[in-house]
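First the structure, in the form of structure tokens, and then the observations on it.
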Amino acid sequence: MKKIKQWLMPLVIVMLIAAFIIYQVTEHQKLQALRTASVQSFETPLKTTYMQLNDLRTAVETKDARTLILFDTLLEDIRQLDTFVDTAKSTIPAKDLNDVRHLYSGFNTAHRYILFILDEGLTVDDTIISDGFKRDKVIDEKELTFLETLSDAYGQLLGTASAYLINEADYDQFLAALSTFNGQYKNLTAFEAIHSPADDALGVYDELHQLNDKTAAVRVGAYWGAIDKVGNWILEPLYDSITAGIDGDFIIESRTWWGILSSSGDEKLMLQCDSISVGTDYYTINDGAYMGLYDPLYDVDYDPQYELIYSISPDILLYKVSDYVCFIHRDGYLSTTPYQSIIQSGQYLIVQNADGFFEILDFDAHNVTGNTYDDVINLYGDHAIVLTSVGYMAISLVDQTSVPIDADRIFGSNTAENILFTKNMKTGILNARGEIVIPASYDYLVPFDGNVTTPAIKDAYDMVTYIDHDGNIVLETDFPYGNAFDSEGHAIVSDGMDYGLINQMGEIILPCEYDDVSLIRYDGDIYGYAVEQDGAIAVADLTGSLQTTFQYDAVDAFPELNGIIGYTGDVTVILSRNSFEPLITGNTDDIDTLVYSEQHYAYHEGSEWGIKALNGQSVTLPIYDDILWLNETGYAVTINNKCYLYTF
């Protein structure tokens with residue numbers, strides 16, 4: 001407690017003098033008023049500020065819950081000086097305005113460092129202040145010396161500044177004091193002069209790149225290593241480069257050698273090549289104009305001899321040979337037969353052979369039916385619908401039995417459970433076995449695609465009705481257009497001009513009065529609805545209730561933070577998908593390159609960066625050159641071309 005009192009007194013002096021200047025510049029807009037004001041006019045606010053500072057000191061000493069409130073009040077007073085500088089431009093002569101700005105610039109920067117000291121030494125628990133201070137060493141001697149010396153320098157400068165501004169004292173005397181202060185100030189306010197960044201750092205590096213949420217690559221001197229999120233070395237700095245691999249692996253480069261190391265640093269692969277890069281869940285080995293493959297799933301590798309390798313599914317990789325493609329099954333089977341195209345459907349492959357006909361293969365490249373077809377329209381489970389020279393056929397891939405389908409045209413999507421077909425200009429629905437689910441008697445139908453009901457129009461001028469798999473009418477509507485019900489039980493409908501939402505009872509949950517309504521979703525998960533009116537978009541929740549005003553140019557899901565991202569000109573906001581409150585607001589370019597974790601994100605003021613919690617509460621001041629890495633336990637920053645790793 002004694003130590004706290006020691007450093008509070010210099011702080012009281014600094015804050016008291018600061019309040020003096022703030023009152024001076026905010027209460028007197030014009031230079032004439034400033035110079036004719038009586039010193040006695042400062043007596044009341046000075047007494048008030050002194051009482052506030054005493055309250056703050058008492059609260060700190062007793063760890064009273066009012067500490068943060070009192071401190072925030074004083075900070076708000078200090079911020080008013082910035083407002084004065086903006087409003088004074090038209091009322092203060094240029095020479096004097098520059099002097100005021102110079103004072104403000106010096107005060108603001110010095111104040112930033114004072115806040116940094118307070119942030120490090122006085123920050124208390126977010127919710128329970130009585131839990132104690134953030135660190136045992138509340139303030140060190142170097143920081144205390146800074147506060148005391150700065151306080152003395154302020155006293156000398158502000159004394160002459162007050163005399164000049166209020167009593168029109170000798171301008172040269174003021175400039176001399178200003179020059180003296182600047183000389184002292186430059187020696188005092190270097191970051192290292194008040195608090196070395198290395199004092200509390202877990203590690204100091206020349207360069208740092210985040211690899212994933214658990215590890216980062218760091219350069220020490222000329223070589224790279226890898227650390228975990230608390231600074232423990234996983235790979236010593238021995239390599240020319242380190243990049244992220246699959247599932248925590250590392251891709252390392254050392255002279256002409258490239259390798260893949262496990263997340264614990266064990267060697268998986270080492271060879272001489274041009275580079276190693278990551279596919280979806282495999283590695284490509286690049287050497288000259290050719291590519292090879294290392295598959296960590298089955299621990300198999302192929303030498304670089306292919307023009308191109310890419311994935312079409314978790315099971316199948318394709319490699320290019322001239323104008324054709326061949327396939328590799330992930331269990332190690334490599335087909336050398338060239339095909340014009342290859343598509344996977346479940347446990348089968350639909351291939352177009354060199355002659356232009358289609359075949360159905362298993363993963364060992366065996367033709368399952370022994371036949372070729374003009375087209376394979378659909379393949380779902382063990383059933384296929386194909387087009388032959390005599391018409392459409394439904395084929396069982398288990399026993400190769402086939403049944404003709406009486407249809408003018410079938411609209412397949414290769415892997416659908418239900419598909420549309422037409423007969424005599426009317427539309428119906430087939431299942432994957434070729435059986436008629438809904439007869440071809442509708443002008444408009446949508447495939448069920450896993451839904452219990454689907455929208456249908458019997459005749460061109462009818463309203464949309466929703467029918468089940470047996471063709472029974474489940475719901476009749478008053479709308480000429482409608483989509484299938486989504487997973488939340490809502491359907492987008494239109495009266496031909498405007499759009500809205502209905503539920504499965506046919507009740508309107510979003511009036512049909514908007515220019516457009518669309519789903520906001522990611523990977524099948526619905527986050528809300530985008531509602532457009534007059535070129536602006538609002539966000540509705542899963543009940544169809546509007547949660548924002550019409551203010552966005554575009555919206556989309558932001559699954560990384562379980563939110564919705566909205567763009568308005570150069571400003572971007574990320575909303576919580578639950579409360580629809582803003583999590584992050586910033587410049588669009590900043591959001592596009594946003595550094596964030598599940599709890600925090602980086603923000604900047606001017607060219608300096610700080611960290612905030614997702615609720616907007618400041619975690620660190622904007623005092624860093626850059627924020628490089630955020631995770632649940634800490635963060636990495638750049639200060640004067642050095643990288644530092646800290647814990648929260």
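The values are calculated or read from the model by the stated rules, or taken from the named source; none is laboratory data. On a predicted model such as this, the values are computed, not experimentally measured, just so you know. Note that each Cβ is placed from the backbone with ideal geometry, even for glycine, and that neighbours are counted across all protein chains shown. Areas reflect the complete protein model, heavy atoms only, side chains present, ligands, DNA and RNA absent. Shrake-Rupley method; radii C 1.70, N 1.55, O 1.52, S 1.80 Å.
Could you work out how much longer the chain between Asp355 and Met497 gets when fully extended? Use 0.36 nm per residue separation minus the Cα distance between them, nm to one decimal.
On the way: separation 142, 0.36 × 142 = 51.12 nm, distance 4.89 nm.
Between Asp355 and Met497, full extension yields an extra 46.2 nm.
Ignoring ligands, DNA and RNA, please state the percent of accessible area on the stretch 570-648 from carbon and sulfur, probe 1.4 Å.
Details: 1570 of 3550 Å².
That fraction is 44 percent.
Multiply the residue separation of Ala289 and Thr568 by 0.36 nm, subtract the distance between their alpha-carbon atoms, and state the gained length in nm to one decimal. Provide the component values of the computation, followed by the final result.
Values: separation 279, 0.36 × 279 = 100.44 nm, distance 4.43 nm.
In short, 96.0 nm is gained.
May I ask you to derive the relative contact order of the stretch 563-629, considering only C-alpha pairs under 8 Å and at least 6 residues apart, and to give it as an integer percent?
Details: 115 pairs, mean separation 13.3, N = 67.
RCO, the stretch 563-629: 20 percent.
Kindly rank 371-379, 638-646 from highest to lowest mean number of other beta carbons found within 10 Å of each residue.
Values: 371-379: 20.3, 638-646: 17.2.
Per-residue Cβ counts within 10 Å, averaged per peptide and sorted highest first, yield 371-379, 638-646.
Near the amide H of Leu628, under 5 Å away, which other amide H atoms are found, from residues 5 or more places off or on another chain, if H is placed in the peptide plane?
HN-HN under 5 Å from Leu628: Ala636, Val637, Thr638.
By per-residue mean of other Cβ atoms within 10 Å, what is the highest-first order of 610-617, 390-397, 245-252?
Working: 610-617: 15.8, 390-397: 17.5, 245-252: 19.8.
The peptides rank, most packed first, as 245-252, 390-397, 610-617.
What is the Cα centroid distance between the stretch 222-278 and the stretch 459-488, reported in whole angstrom?
57 Å
Evaluate the stretch 271-401: find the radius of gyration of its Cα atoms, find its Kirkwood radius, and give the ratio Rg to Rh. Before the final figure, lay out each step's value.
Values: Rg = 16.3 Å, Rh = 15.7 Å.
For the stretch 271-401, the value is 1.04.
Below 8 Å, C-alpha to C-alpha, sequence gap of six or more: please give me the relative contact order for the stretch 252-334 in percent.
Details: 157 pairs, mean separation 12.7, N = 83.
Relative contact order for the stretch 252-334 comes out at 15 percent.
For the stretch 491-497, what does the Karplus curve 6.51 cos²θ - 1.76 cosθ + 1.60, with θ = phi - 60°, yield as ³J(HN,Hα) per residue in whole Hz, taken in order and with x for Gly and Pro?
10, 7, 10, 9, 8, x, 10
At 7 Å along the Cα-to-beta-carbon direction for both Gln305 and Asp534, put a label point, then send me their distance in nm to one decimal.
6.8 nm
How large is the direction-averaged shadow of the alpha-carbon convex hull of the stretch 480-627, in nm²? Mind showing how you got there, number by number?
Values: hull surface 37.1 nm².
It is 9.3 nm².
Note the full-extension length gain between Asp382 and Ala460 as 0.36 nm times their separation in residues minus their Cα-Cα distance, in nm to one decimal. Walk me through the intermediate numbers first.
Numbers: separation 78, 0.36 × 78 = 28.08 nm, distance 3.63 nm.
Answer, rounded to one decimal: 24.5 nm.
Glu598 accessible area, nearest 10 Å², 1.4 Å probe?
150 Å²
Per-residue counts of other Cβ atoms within 10 Å, averaged by peptide: what ranking do you get for 427-440, 550-563, highest first? Display every interim value, and only then the final one.
Values: 427-440: 19.9, 550-563: 17.4.
Highest to lowest by the protection proxy: 427-440, 550-563.
Can you compute the modelled spin-label distance between Glu581 and Thr401, with each label point 7 Å from Cα toward Cβ, in nm?
Placing both labels 7 Å beyond Cα along the Cβ direction yields 6.3 nm.
Give me the log10 of I(q) over I(0) for the stretch 362-503 at q = 0.20 Å⁻¹, as the Debye formula computes it from C-alpha points; what are the numbers?
One equal scatterer on each Cα of the stretch 362-503 leads to -1.12.
State, as an integer percentage, the relative contact order of the stretch 391-515 based on alpha-carbon contacts under 8 Å between residues 6 or more apart. Before the final figure, lay out the partial values.
Details: 279 pairs, mean separation 14.8, N = 125.
12 percent.
Based on alpha-carbon positions alone, could you give the equivalent ellipsoid semi-axes of the stretch 364-441 from the gyration tensor, as √(5λ), descending, whole Å? List each step's numbers first, then the result.
Working: eigenvalues 95, 32, 20 Å².
Ellipsoid half-lengths, sorted descending, are 22, 13, 10 Å.
Can you tell me the FRET efficiency between Asp364 and Ser487 if r is taken as the Cβ-Cβ distance and R0 is 35 Å, rounded to the nearest 0.05? Before the final figure, lay out the partial values.
Numbers: r = 37 Å, r/R0 = 1.06.
For R0 = 35 Å, the calculated efficiency reads 0.40.
For the stretch 286-401, give the percent of accessible area contributed by carbon and sulfur heavy atoms, probe 1.4 Å, rounded to a whole number.
Working: 2580 of 5400 Å².
With neighbouring chains kept in place, the figure for the stretch 286-401 is 48 percent.
Give the accessible surface of the stretch 234-336 per residue, rounded to a whole number of Å², with probe radius 1.4 Å and ligands, DNA and RNA excluded.
On the way: 5030 Å² over 103 residues.
Heavy-atom accessible area per residue stands at 49 Å².
Can you tell me what the convex hull of the Cα atoms of the stretch 425-465 projects to on average, as an area in nm²? It would help to have the intermediate numbers written out before the result.
Values: hull surface 11.8 nm².
Computing the convex hull of the Cα atoms and averaging its projections yields 3.0 nm².
Given the protein chains as shown and a 1.4 Å probe, how many square angstrom of Val517 are accessible, to the nearest 10?
Solvent-accessible area, nearest 10 Å²: 10 Å².
Express the carbon and sulfur contribution to the solvent-accessible surface of the stretch 404-481 as a percent, rounded to the nearest whole number, probe 1.4 angstrom.
Details: 2070 of 4160 Å².
The nonpolar share, carbon plus sulfur, comes to 50 percent.
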